[in-house]
Amino acid sequence: MKHWYKALGFLLILYTLVWGLLNPVPRLDILNETIRNVYYHVPIWFAMLFMMGWSFVCSIRSLASDSVDFDNKAYHSAFVGFFFSLPGLATGSLWAKFTWGTWWTFQDPKLNGVAISILIYLAYFILRFSVEDEQKRARISAVYNIFAFIMMNVFIMILPRLTDSLHPGNGGNPAFGKYDLDNNMRMVFYPAVIGWILFSYWLYELRYRISVINNKVNE
């Protein structure tokens, strides 16, 4: 029973992948059938934010307890979060092509914020591998990871709401839930969010357990 969330996550993702293509959606100008991407693009970003948030918490606990183990957890959860940012970018870019007419636009602050955030986390991974001493690496990485999470939220959550943005819910644009996320879509969207978050945690646990086993073997 302790693995119930794995089965639930798998079933929810399977349900949303299938029913997300079959259920009726609102017929809106420009968006048309591409609105179905909200079942995949947005939940994947939720999973990414969840993992980055857990990494942030682990880094705080690493500093508070001077624990290398929590630093290890922070690293693997950040890695999984970074992994989810890639399909998040891919689905977003595909959506932009069909709705905005371009794969990428530098006129949108949220897209620019995402790109900057990815570079910030890439620097986090490089920093971790550049420090050999375990305790020193844990402290430096934890401090930087806390900074990275805060800056990511500034770039993708705060700044886009203060300026003009093409994204729904930003820069005066209405959010999906306010004008087109009807009950049929909610039956797919919310399970998709839960399913992808559970799947991201499953991947994190796998990576963390493998790292623990490798450390024991090396010792």
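Would you check if A90 is in a helix (DSSP H, G or I), exposed (fewer than 15 other Cβ atoms within 10 Å of the Cβ) and modelled with pLDDT under 90? Steps first, please.
Working: in a helix (DSSP H, G or I): yes; exposed (fewer than 15 other Cβ atoms within 10 Å of the Cβ): yes; modelled with pLDDT under 90: yes.
Yes, satisfied.
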Exercise for review: Go through A74, A64 for me and flag whichever is of a type in the set (A, V, I, L, M) and more than 23 Å from G113 (Cβ to Cβ).
Suggested key: A64
Check your understanding: If you check I156, I146, which single one turns out to be touching a Gly at 6+ places or on another chain (Cβ under 9 Å), buried (at least 17 other Cβ atoms within 10 Å of the Cβ) and in contact (Cβ under 8 Å) with a residue 40 or more places away in the chain?
Key -> I156
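One line per residue, one yes/no per condition, for (1) assigned to a helix (DSSP H, G or I); (2) at pLDDT 95 or above; (3) of a type in the set (S, T, Y); (4) surrounded by 19 or more Cβ atoms within 10 Å (Cβ to Cβ):
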site: N37; (1), (2), (3), (4): yes, no, no, no
site: W45; (1), (2), (3), (4): yes, no, no, yes
site: F50; (1), (2), (3), (4): yes, yes, no, yes
site: W54; (1), (2), (3), (4): yes, yes, no, yes
site: V57; (1), (2), (3), (4): yes, yes, no, no
site: I60; (1), (2), (3), (4): yes, yes, no, no
site: A64; (1), (2), (3), (4): yes, no, no, no
site: F70; (1), (2), (3), (4): yes, no, no, yes
site: S77; (1), (2), (3), (4): yes, yes, yes, yes
Check your understanding: Out of curiosity, is I156 β-branched (V, I, T) and at pLDDT 90 or above?
Key -> no
Check your understanding: Taking only pairs six or more apart or across chains, which ones have beta-carbon atoms under 7 Å, a first residue in the range 196-219 that is closer than 13 Å to K73 by Cβ, and a second residue that is acidic (D, E) and at pLDDT 95 or above?
Key -> none
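Each row is one residue, and each column tells you yes or no for (1) modelled with pLDDT under 90; (2) open to solvent by less than 40 Å² (accessible area, probe 1.4 Å); (3) closer than 22 Å to I60 by Cα.
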residue	(1), (2), (3)
T163	yes, no, no
A175	yes, yes, no
R186	yes, no, no
V212	yes, no, yes
Review point. Filtering the range 1-30 down to residues that are farther than 18 Å from N183 by Cβ and assigned to a loop (DSSP other than H, G, I, E, B), which residue is modelled with the highest pLDDT?
Key: H3
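The values are calculated or read from the model by the stated rules, or taken from the named source; none is laboratory data. For clarity, every value in this text was computed on a predicted model and none was experimentally measured. Heads up, the Cβs are rebuilt from the backbone with ideal geometry, glycines too, and the neighbour counts pull from every protein chain shown. All accessible areas refer to the heavy atoms of the entire protein, side chains included, with ligands and DNA or RNA removed. Shrake-Rupley method; radii C 1.70, N 1.55, O 1.52, S 1.80 Å.
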